[in-house]
Amino acid sequence: MFRKLFAKFFSITFLLLFGFTFSNAEYNLVELNPGFDYGTWYKTETGYTPNSQWFGAWVIAPRNDELYFGFGTAHPAESDGAMLAKWVGEWLIPLGQFSEEGVHCIKWVGDTLYGIGSDPSIVDGWDGGNFYKYYPSTGQFLKLRYDINNKPILPNVLHSWGLYFDKDSNYLFLSTSAYNPSQYSKNGNSCGYPLDSSNACFGQVWKSTDFGSKWELISGRNGFEVSKFRTMDITKFNGDLYVHTYYSITENNVTRFFYNLKKSTDYGVSWIEISGVVPNALFRMCIFKNKLVVAANIARTIYIIDENKNIDTVNMPGALNYSFNVFADVDDRFLITYFADGSVYFTSDLKNWAELIPSTGRNFLSIAYWEHEKSIVLAERGDTGSIWKLDISELLSTDVHSVTKPEISFSSDNNSVTINSKNDDILSFDIIDVLGKQIAVPISSNSNNIKLDISHLTSGLYFVCFRTQKKYFVKKIMKF
């Protein structure tokens with residue numbers, strides 16, 4: 001009994017501190033296709049043996065009643081093999097193979113699915129990068145590598161990391177890693193030292209005005225690099241382009257990594273480093289409620305940049321798991337993520353996070369919001385991993401707002417507490433003391449109005465908890 005009361009008191013304290021009101025719903029993970037062996041299916045369809053730890057759906061792109069997955073054999077840029085697949089009904093349908101060492105970015109622009117790979121397969125060589133399109137109306141899966149003159153459309157690109165579609169200009173922007181073949185050869189097939197003229201590997205940003213058939217290098221020529229090694233994710237916020245970059249230096253057998261967030265106010269021609277921000281190079285940025293969210297290189301921290309360029313640092317309740325796609329934006333109402341212990345959390349304001357699913361011990365690899373099903377989809381890594389669905393329809397039907405402004409009236413004096421609801425029946429109510437103990441008090445009520453007699457209570461702090469059909473309120477009172 002004490003444990004139950006303590007749990008209730010903890011929940012109340014959380015609500016008071018964080019200002020959430022939400023329904024008392026239970027959320028459960030359900031396998032999308034129970035018992036399905038994704039590892040065996042992948043090997044059968046591609047001929048590649050999935051890595052026991054890092055195989056999985058690295059990216060998820062829902063569309064109407066269908067789910068599209070980008071499966072990779074292993075960790076990106078590690079082993080050949082990647083596949084685009086569609087799940088509809090009870091079937092997982094292979095659509096085509098990426099000629100890549102992994103895939104971690106596919107996204108819809110209108111009725112076309114665009115994709116990039118982590119690293120062209122060995123058979124493609126190093127003369128350029130690839131770009132992919134899938135047309136669901138015809139089932140056509142295209143790999144774009146050379147132009148009509150048999151020249152690479154992305155010359156000397158080794159890795160494609162981020163893809164962004166700018167609705168304002170109808171341009172695609174691509175962040176990549178490239179190399180200088182001549183300097184690389186002079187270095188003995190090495191990138192060289194990133195801070196002198198021997199550097200042969202660098203980050204770039206490309207632009208396409210025709211949806212990927214032709215690409216223009218807008219920043220990142222050797223000697224004028226966006227980064228001394230890699231340019232990772234790319235997005236646009238408040239009219240400016242943002243990219244993650246990083247490089248490393250090894251001296252005396254010690255490797256140091258240098259991570260930066262950079263901004264361009266002229267569509268990628270020049271870049272400014274954002275001071276005080278040390279991003280994690282892998283995690284994708286996202287825009288939520290007109291704020292740029294950037295995961296920090298410190299495991300439990302995110303940076304929040306607002307439209308006035310103010311930067312806030314927020315500690316999260318868990319550590320983000322190693323991956324690229326770690327945030328799911330739910331209609332700009334909620335942002336949902338998973339942590340390294342397999343738990344799932346949500347926020348409505350980026351600062352306060354609440355648990356949806358407790359620790360499961362599962363190594364989640366990617367996440368997406370499936371609007372058609374009002375569900376979150378999570379893919380698990382490993383050759384025995386599965387894909388899960390989390391129904392959040394109850395969360396979506398719940399108002400989330402500050403308890404300091406409830407939609408029902410509440411008043412109290414030293415002798416009584418009155419709760420009045422005009423439109424919603426009050427289903428339950430409690431008075432809890434600071435030790436989590438429920439206090440019995442005389443009550444006079446009907447379905448919409450409740451009056452609690454607290455004249456007999458001893459002096460101290462109490463919490464009044466009351467629940468309607470869709471909301472849970474907590475009010476703090478002081479008895480003198």
> Which of the residues that make up segment 347-383 are in a loop (DSSP other than H, G, I, E, B) and either small (Gly, Ala, Ser) or farther than 18 Å from Tyr27 by Cβ (or both)?
Replying inline: Ser348, Asp349, Leu350, Lys351, Ser359, Gly361, Asn363, Arg381, Gly382, Asp383
> Within segment 88-110, can one find any residue that is assigned by TED's automatic domain parsing to the domain that holds Pro62, without any contact (Cβ under 8 Å) to a residue 12 or more places away in the chain and touching a strand residue (DSSP E or B) at 6+ places or on another chain (Cβ under 7 Å)?
Replying inline: yes
> Out of (1) over 17 Å from Ala82 (Cα atoms); (2) without any contact (Cβ under 8 Å) to a residue 40 or more places away in the chain; (3) surrounded by 17 or more Cβ atoms within 10 Å (Cβ to Cβ), what's the single condition that is false for Asp124?
Replying inline: (1)
>> What's the number of the only condition in (1) more than 23 Å from Ser169 (Cβ to Cβ); (2) buried (at least 19 other Cβ atoms within 10 Å of the Cβ); (3) out of contact with any Pro (no Cβ under 9 Å at 6 or more places or on another chain); (4) of a type in the set (Ser, Thr, Tyr) that Ser275 fails to meet?
In response: (2)
> How many of the residues making up segment 320-334 are surrounded by fewer than 22 Cβ atoms within 10 Å (Cβ to Cβ) and closer than 11 Å to Ile287 by Cα?
Replying inline: 3
> Looking only at residues in segment 258-282 that are free of Cβ contacts under 8 Å to residues at least 60 places away in the same chain and of a type in the set (Phe, Trp, Tyr), which one is farthest from Val314 (Cα to Cα)?
Replying inline: Trp271
> Can you name every residue in segment 62-84 that is assigned to a strand (DSSP E or B) and crowded, with 22+ Cβ neighbours inside 10 Å?
Replying inline: Leu67, Tyr68, Phe69, Gly70, Phe71, Gly72, Ala82, Met83, Leu84
> Looking at this structure, is Thr337 of a type outside the set (A, V, I, L, M), crowded, with 19+ Cβ neighbours inside 10 Å and without any contact (Cβ under 8 Å) to a residue 24 or more places away in the chain?
Replying inline: no
> How about segment 31-52: which of its residues are in a loop (DSSP other than H, G, I, E, B) and under 14 Å from Leu92 (Cα atoms)?
Replying inline: Leu32, Asn33, Pro34, Gly35, Phe36, Asp37
> Are any residues in segment 358-369 surrounded by fewer than 23 Cβ atoms within 10 Å (Cβ to Cβ) and closer than 23 Å to Phe69 by Cβ, and if so, which ones?
Replying inline: Thr360, Gly361, Arg362, Asn363, Tyr369
> Within segment 321-340, how many residues turn out to be within 19 Å of Ile234 (Cβ to Cβ), hydrophobic (A, V, I, L, M, F, W, C) and part of a strand (DSSP E or B)?
Replying inline: 1
> Would you call Val403 touching a Leu at 6+ places or on another chain (Cβ under 8 Å), modelled with pLDDT under 75, of a type outside the set (Phe, Trp, Tyr) and within 30 Å of Leu350 (Cα to Cα)?
Replying inline: yes
>> Anything in segment 175-213 that is under 16 Å from Ala77 (Cβ atoms) and aliphatic (A, V, I, L, M)? List them, or say none.
In response: Ala178
>> Based on this model, can you work out whether Gly318 counts as part of a loop (DSSP other than H, G, I, E, B) and under 16 Å from Ser175 (Cβ atoms)?
In response: no
> If only one of Glu373, Glu394, Glu355, Glu307 is surrounded by fewer than 19 Cβ atoms within 10 Å (Cβ to Cβ) and touching a Phe, Trp or Tyr at 6+ places or on another chain (Cβ under 6 Å), which one is it?
Replying inline: Glu355
>> Looking only at segment 85-121, how many residues end up being in contact with a helix residue (DSSP H, G or I) (Cβ under 7 Å, 6 or more places away or on another chain) and not in a strand (DSSP E or B)?
In response: 1
> Taking segment 201-257 only, how many residues are more than 12 Å from Thr176 (Cβ to Cβ), modelled with pLDDT of 90 or more and not polar (S, T, N, Q)?
Replying inline: 19
>> Going by what's in this entry, would Gly188 be described as more than 29 Å from the chain's Cα centre (by Cα), assigned by TED's automatic domain parsing to the domain that holds Ser323 and exposed (fewer than 13 other Cβ atoms within 10 Å of the Cβ)?
In response: yes
>> Which pairs turn up if I take residues in segment 131-158 that are free of Cβ contacts under 8 Å to residues at least 40 places away in the same chain and look for partners that are assigned to a loop (DSSP other than H, G, I, E, B) and charged (D, E, K, R) with beta carbon separation below 6 Å, at least 6 apart in sequence or on another chain?
In response: Pro152/Asp127
> In segment 430-462, what residues are part of a loop (DSSP other than H, G, I, E, B) and at pLDDT below 80?
Replying inline: Val434, Leu435, Gly436, Lys437, Ala440, Val441, Pro442, Asn446, Ser447, Asn448
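The values are calculated or read from the model by the stated rules, or taken from the named source; none is laboratory data. Just so it is clear, the structure is predicted and the values come from calculations on it, not from any experiment. Virtual Cβ from ideal backbone geometry, glycine too; neighbours counted across all protein chains shown.
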